[in-house]
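> Dumping the structure here so I can ask a few things about it.
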Amino acid sequence: MASERGKPQRVTHPEEQTWLRGFVGYHCRDCITEFCEADLGGLSLVEIVEAIAHGDVVSSEKDEFPGAVCAVEYRPEKSRTLWVSLRFVANEERLRVLSAGEKWESDHEPSHVA
Amino acid sequence: MNQVMLHDTEKGGPGANLYLAKSLGAPFKVYLADGVEIVTEPSTNKEITKIKDLPGLLAAVVQARVLHTRKLSGQDLKFIRSALQLKAQAVASALDLTPEHYSRCETGPRTMSAATEKLYRMQIFITSFTKDWHVRDAVKRSKRDTPSKGDQIKAEKCSQHFTRSFSI
């Protein structure tokens, strides 16, 4: 796969990435997306779906049930990066947005931590 | 597919039992009649919104918007493209526009001609329709079974929408 700037990038969590992209890829009719509006960090659901569809899973931790807690990053513009922290439950086709936000090139910290 | 209603005015809404989907990020008001559940999580006391088939919902919102006659703004174009997970270059190419021209349509300085906007609406309608799981499921089943009554009704509705909105 290639990053936004065309540089090849190593996919470190291919299984999680495949699952998440499948989730937003119109393949699951009964999939449930859960979120608390206060946790979205000013991002809209469209931006979150876009980040999952085009972004990279940068970290993943196995959970107690089938699934994982993942962090996804996506750079829609050169200076702006969206990040989303998610928990997915694979056997229930359920995705929970834990927190989300955006960071700008000059920032070192996320703009919002829920 | 989820039932979606669009609303133009700032004040008021079409009904009390509808959920106003502010978090979708649409530049217009979207009311949902079903497919949404709001629960309070006992452990955190947070209000959790649960949406069934979010990608399908976004496709339904997009479909409703392109069938609405109001001229598409730059914000509408950006929302539609993001909601369908399309790349700007792919949209520009489908419309025979340069990526720069299309980008200016999204950011505001330029608008699409009436003919280009009509072509855009038709392409987006078909794209969003094919992302509906009812349709994907029907296509899969049609390879082995004859179409069911439900599939026929869905196809007929789509045909009516398309003819009403885009035929000469």
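> Given the residues A:Cys36, A:Cys70, which is the only one that is over 15 Å from the mean Cα position of the chain (by Cα), modelled with pLDDT of 90 or more and not small (Gly, Ala, Ser)? Quick ask: steps written out before the conclusion?
Working: A:Cys70 fails: over 15 Å from the mean Cα position of the chain (by Cα).
Just one listed residue meets the conditions, A:Cys36.
> From the set of residues in the stretch B:32-64 that are surrounded by 15 or more Cβ atoms within 10 Å (Cβ to Cβ) and polar (S, T, N, Q), which is farthest from the other protein chains (Cβ to nearest Cβ)?
B:Gln63
> Give all pairs with beta carbons closer than 9 Å in which a residue from the stretch A:13-26 that is more than 10 Å from chain B (Cβ to nearest Cβ) meets a residue that is part of a loop (DSSP other than H, G, I, E, B); count only pairs at least 6 apart in sequence or on separate chains.
A:Gln17/A:Met1; A:Gln17/A:Val11; A:Gln17/A:Gly55; A:Leu20/A:Gly55; A:Gly22/A:Cys28
> If you don't mind, another one. When the stretch A:50-65 is examined, which residues are found to be within 10 Å of chain B (Cβ to nearest Cβ) and either more than 13 Å from A:Leu86 (Cα to Cα) or touching a Ser or Thr at 6+ places or on another chain (Cβ under 8 Å) (or both)?
Once the filter is applied, which keeps residues that are within 10 Å of chain B (Cβ to nearest Cβ) and either more than 13 Å from A:Leu86 (Cα to Cα) or touching a Ser or Thr at 6+ places or on another chain (Cβ under 8 Å) (or both), the stretch A:50-65 yields A:Glu50, A:Ala53, A:His54.
> So, one more: Looking at A:Cys31 and the list (1) more than 7 Å from chain B (Cβ to nearest Cβ); (2) closer than 20 Å to B:Ala83 by Cα; (3) not acidic (Asp, Glu), which single condition is not satisfied?
All conditions are met except number (1).
> A follow-up question, please. Could you say which residue among A:Val72, A:Val46, A:Val84, A:Val57 is in a helix (DSSP H, G or I), among the hydrophobic types (A, V, I, L, M, F, W, C) and surrounded by 15 or more Cβ atoms within 10 Å (Cβ to Cβ)?
Numbers: A:Val72 fails: in a helix (DSSP H, G or I); A:Val84 fails: in a helix (DSSP H, G or I); A:Val57 fails: in a helix (DSSP H, G or I).
After applying the criteria, what remains is A:Val46.
> Which ones in the stretch B:65-82 are within 14 Å of chain A (Cβ to nearest Cβ) and crowded, with 17+ Cβ neighbours inside 10 Å?
Going residue by residue through the stretch B:65-82, those that are within 14 Å of chain A (Cβ to nearest Cβ) are B:65, B:75-82.
Within the stretch B:65-82, B:Arg65, B:Asp76, B:Leu77, B:Lys78, B:Phe79, B:Ile80, B:Arg81, B:Ser82 meet the criteria.
> Then there's this: Checking the conditions here, which among A:Arg94, A:Arg80 is touching a residue at least 24 places away in the same chain (Cβ under 8 Å) and in contact with a Ser or Thr (Cβ under 9 Å, 6 or more places away or on another chain)? Quick ask: steps written out before the conclusion?
Working: A:Arg80 fails: in contact with a Ser or Thr (Cβ under 9 Å, 6 or more places away or on another chain).
When all the criteria are applied, what remains is A:Arg94.
> Here's something else I'd like to know. Here are some residues: B:Thr44, B:Thr49. Which one is more than 25 Å from A:Gly55 (Cα to Cα) and polar (S, T, N, Q)? Don't jump to the end; show me each part of the working.
Numbers: B:Thr49 fails: more than 25 Å from A:Gly55 (Cα to Cα).
The unique qualifying residue is B:Thr44.
The values are calculated or read from the model by the stated rules, or taken from the named source; none is laboratory data. Keep in mind it's a predicted model, so treat the numbers as computed, not measured. When we count neighbours, we look across all protein chains shown, and the Cβ atoms used for this are built from the backbone with ideal geometry, even at glycine.
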